[in-house]
Amino acid sequence: MLYFDHNATAPVTREARDAWLYATDNIHGNPSSPHAFGAAANKAMTEAREKLADCLGCHAADIIWTSGATEANNMVMNHLAHTLDAKSEVWISAIEHPCVHDSTKHFFGKRAKLIPVTHDGVVHIEWLTAEMADTRPGLVAVMAANNETGVIQPWRELLAICQAYEVPFFSDAVQWLGKLPAKGLGNCDYLSGAAHKFGGPRGVGFLKGPHKCHVRSLLFGGKQERGQRAGTENVPIILAMLVALEAREKQLDHGDHQHRAEWKEKFEKLLVRQVPGSTIVGANVPRLWNTVSALMPEGGQQRWVTRLDKAGFAVSTGSACTTGKEEPSHVLSAMGFKPNEVAHVLRFSSGWETTAADWEALEKGLVRVYAEVHHGK
Ligand code: PLP
């Protein structure tokens, strides 16, 4: 069985697993406890915070550990709902993950505005600058790279525009981290990440807040994370997350992702040639080296996924978080695809362990399944 659903979640790396087990066996204390065990746990956690700050290029004190990106993203909106003035709008891109989209709607209702994207799935910078000439929102939120299409967003330019207008900028960097170098992301006012997308454990992530800002806790309880996130920190999974991220950063430093991009590009070329009528979403713009979103010419998404699953390939229809929803993908709809086109989309997302041979096998598997779908078998 070949796994092509890394954007949903990726396998835990051996190093991360070892770090996790080691810490589980050896770091028993609660980081808030006033004895040597507590101090040891706190020290390990502080070092992890410093390492993450170093990767992102920000101050360690601005990082808050969370249970993942859903929590971090909800925290941003909760914090702003309590601190912005009652008239402030929050502008988010039309392709944000449901945890950003739905929490913004929940906290801001009609004051939540969607920033449009092009047909290739890139945020309209011109729209943003034109709108900002008239109104200053309380926040602009644009993810670093999209989970469904892999399309990379111009977060550096967006951050510079927001800085010029003195508007806080938030980027959900879940799909970027571990796939492209993290340096510089720490300049965003708010930034979120989740370990399970880059080889760390599930159930751990972080929020980086504005420098010296006290982010309001979503949860009531203890004063952990300097009062910004109640609940005992899970030190072993935090340490494992950092081991995974640092290993990815090293691979990226060596340029190990570059030939992986070539394997994916070759797959895309063969796919459109071998499956007549198929197209690659966002083909004209920079995308993550691991993600392919393809509109298939026929056959419902679920039929494709089931047949590919039987043929030994785990692929997805888009976001795992929207599986089971009847509505078409909000991402592809925002890009201007019609519901009948969206109904045929498949997402293939590779990982660091995926080989050139795996991509070739997937391409051959798709051609076989296409022949079955086409002949109504
Ligand atoms: N943001 C993006 C872009 C994602 O892809 C995901 C997960 O699919 C999330 C947020 C949610 O992350 P988590 O599963 O850690 O809550």
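Quick check on my filter: what residues within the stretch 132-167 are surrounded by fewer than 23 Cβ atoms within 10 Å (Cβ to Cβ), touching a residue at least 24 places away in the same chain (Cβ under 8 Å), part of a loop (DSSP other than H, G, I, E, B) and on the phi < 0 side of the Ramachandran plot? Within the stretch 132-167, Thr135, Arg136, Gly138, Pro154, Val167 meet the criteria. If you filter the stretch 308-327 down to residues that are modelled with pLDDT under 95, out of contact with any Lys or Arg (no Cβ under 9 Å at 6 or more places or on another chain) and not acidic (Asp, Glu), you find that the one that is surrounded by the fewest Cβ atoms within 10 Å (Cβ to Cβ) is Gly324. When the stretch 97-123 is filtered for residues that are crowded, with 19+ Cβ neighbours inside 10 Å and either over 20 Å from Ala8 (Cβ atoms) or polar (S, T, N, Q) (or both), the ones remaining, listed by number, are Ser103, Thr104, Phe107, Phe108, Ala112, Ile115, Val117, Val122, Val123.
Residues in the stretch 76-96 that are buried (at least 17 other Cβ atoms within 10 Å of the Cβ) and in a helix (DSSP H, G or I) were compared, and the one that is farthest from the ligand (Cβ to nearest atom) is Ala81. Can you name the residue in the stretch 188-199 that is within 10 Å of the ligand (Cβ to nearest atom) and not polar (S, T, N, Q) and is also surrounded by the most Cβ atoms within 10 Å (Cβ to Cβ) among such residues? Applying the filter and picking the extreme gives Gly193.
Restricting the first member to the stretch 41-66 and to residues that are buried (at least 16 other Cβ atoms within 10 Å of the Cβ), and the second to residues that are small (Gly, Ala, Ser) and modelled with pLDDT under 95, no beta-carbon pair is closer than 7 Å while six or more apart or on different chains.
Scanning the stretch 1-40 for residues that are part of a helix (DSSP H, G or I), more than 29 Å from the chain's Cα centre (by Cα) and surrounded by 15 or more Cβ atoms within 10 Å (Cβ to Cβ) yields Gly38, Ala40. Taking the stretch 14-45 as the range and being within 17 Å of Leu245 (Cβ to Cβ) and in contact with a Phe, Trp or Tyr (Cβ under 8 Å, 6 or more places away or on another chain) as the test, only Met45 passes. Residue-level analysis places Leu128 among those that are in contact with a strand residue (DSSP E or B) (Cβ under 8 Å, 6 or more places away or on another chain), under 29 Å from Ser349 (Cβ atoms) and assigned to a helix (DSSP H, G or I).
For the stretch 97-122, a residue qualifies if it is assigned to a helix (DSSP H, G or I) and over 18 Å from the mean Cα position of the chain (by Cα), and the qualifying residues are Lys105, His106, Phe107, Phe108, Gly109, Lys110, Arg111. Against the numbered list (1) exposed (fewer than 14 other Cβ atoms within 10 Å of the Cβ); (2) within 29 Å of Pro154 (Cα to Cα), Gly376 comes up short only at (2). Restricting the first member to the stretch 300-312 and to residues that are touching a residue at least 60 places away in the same chain (Cβ under 8 Å), and the second to residues that are part of a loop (DSSP other than H, G, I, E, B), the beta-carbon pairs closer than 7 Å and six or more apart or on different chains are Trp304/Met296; Leu308/Val315; Gly312/Met1. Residues in the stretch 188-202 that are farther than 14 Å from Ala16 by Cα and outside any strand (DSSP E or B): Cys188, Asp189.
The values are calculated or read from the model by the stated rules, or taken from the named source; none is laboratory data. All of these numbers come straight from a predicted model, not from anything done at the bench. Note that each Cβ is placed from the backbone with ideal geometry, even for glycine, and that neighbours are counted across all protein chains shown.
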